[in-house]
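Below: one structure, written as structure tokens.
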Amino acid sequence: MNRRTLLVRLGLMGAAVGGGWWLKDHVIWRRPDVVFGPADEWLAFDAPRTLLPTVEATVGGRTVRALIDSGAQFSVIDRALFADLGLARTFDMPLLAYGVGGGAQVGKGVTLDVGLGATRVENLRAAILDLGPLARADGLSTPLILGQDLLSQGLLDIDVERRRMRFVARETPLPADVIAIEVRKVGKALGTTITVEGATVEAIVDTGASGLLALSRESAHGAGLLDGRDQARGSSLVLGGAVASTLVEARTVTFGDRLYERVQTAIYSDVAAPGYPAALIGMEAFAGQRMIVDMGGGRLLASRALDLTVERPVRRRRAAQPAR
């Protein structure tokens, strides 16, 4: 797959738990133990030419690339990496994992110890799933996804402009130049209200999505984006594979105190799964900024925009040359 066609990484993990939420949070998916390293330790983004927060991590004595994904309810290890590490002890879980393509996987679980620089994460319970191109060299090369179960234990501080991040204790002092963006807890995710050409849409903040905005087809229709305007074909890496998406240009999008104009928007097919998001706000919305995700406290902060109107560049196609 051509890496330049990777517009968004859409993969929200959905849990179907028969034993109740307490059983899920305290027994099946109990909290990991985190020993934080120094607060001034920053980890550089590991994947080139992308705003996605990917860093080097150690697991089972192996150094791998991990995706820090605020849109994933649970952490995930790719089935091939799990087999290579020779981890024998697994446990069953009542879990269904969905990608935007609509396919579901039923996974087993494993308990991992993970290193992120000097930060040590012990007893992290991760789902064992086939991540497909997300884990392979022809995709994003991230066989480990660290999700909301880990991120809720601290502050995720991402310096998007310098392509670096740190994961620190929640009591760490915040920089003075960040302001709060209005969000609320949606399960363990952070949800917010945006407008798309004046239509109100409920969105999830997803650090695992590279584009500025992705919409379900129902939301795109409600916002008037399927009104006959020009469309293009795109492709997205999703849980277990890659799917086609439709690309349209939204004239205006507002998020927090920012107005974006001429936003290339990916539209994915509606998925018949409970709690599936109507929209995703991805990393391009924070380009050039500092963002701090406090999943446990239900907060999102970002550096103040110097210019409240941001016009996205238009990708023009080269005109066909006449035959000679």
Any pair with Cβ under 8 angstrom, 6 or more apart, that starts in the stretch 254-276 at a residue that is over 17 Å from T192 (Cβ atoms) and ends at one that is at pLDDT 95 or above and of a type in the set (K, R): E261/R251; R262/R251
Options R251, R233; residue that is charged (D, E, K, R) and at pLDDT below 95: R233
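Let's see how each residue does on (1) polar (S, T, N, Q); (2) open to solvent by 60 Å² or more (accessible area, probe 1.4 Å); (3) modelled with pLDDT under 90:
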position	(1), (2), (3)
I77	no, no, no
L85	no, no, no
R89	no, yes, yes
D92	no, yes, yes
V100	no, no, yes
G103	no, no, yes
V106	no, yes, yes
D113	no, yes, no
Test set (1) within 18 Å of D69 (Cα to Cα); (2) in contact with an Asp or Glu (Cβ under 7 Å, 6 or more places away or on another chain); (3) at pLDDT below 90; (4) not β-branched (V, I, T) - G275 fails condition number: (2)
Test: residue in the stretch 164-178 that is in a strand (DSSP E or B), touching a strand residue (DSSP E or B) at 6+ places or on another chain (Cβ under 7 Å) and not hydrophobic (A, V, I, L, M, F, W, C): yes
The lone exception for G191 - which of (1) at pLDDT 95 or above; (2) in a loop (DSSP other than H, G, I, E, B) it fails: (2)
One residue from D227, D159, D177 being more than 15 Å from the chain's Cα centre (by Cα) and modelled with pLDDT under 95: D177
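Conditions (1) charged (D, E, K, R); (2) under 21 Å from G288 (Cα atoms), marked per residue:
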| position | (1), (2) |
| --- | --- |
| R164 | yes, yes |
| F167 | no, yes |
| P175 | no, yes |
| V178 | no, yes |
| I181 | no, yes |
| R184 | yes, no |
| G187 | no, no |
| G191 | no, no |
| G198 | no, no |
Residues of the stretch 56-79 that turn out to be assigned to a strand (DSSP E or B) and farther than 15 Å from R164 by Cα, as a count: 8
Number of positions in the stretch 117-145 that are within 16 Å of D46 (Cα to Cα) and more than 18 Å from the chain's Cα centre (by Cα): 3
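The values are calculated or read from the model by the stated rules, or taken from the named source; none is laboratory data. These numbers were taken from a predicted model, which means no experiment stands behind them. Ideal geometry is used to build each Cβ from the backbone, glycine not excepted, and the neighbour counts take in all protein chains shown. Ligands, DNA and RNA are excluded from the accessible area calculation, which covers all protein heavy atoms including side chains. Shrake-Rupley method; radii C 1.70, N 1.55, O 1.52, S 1.80 Å.
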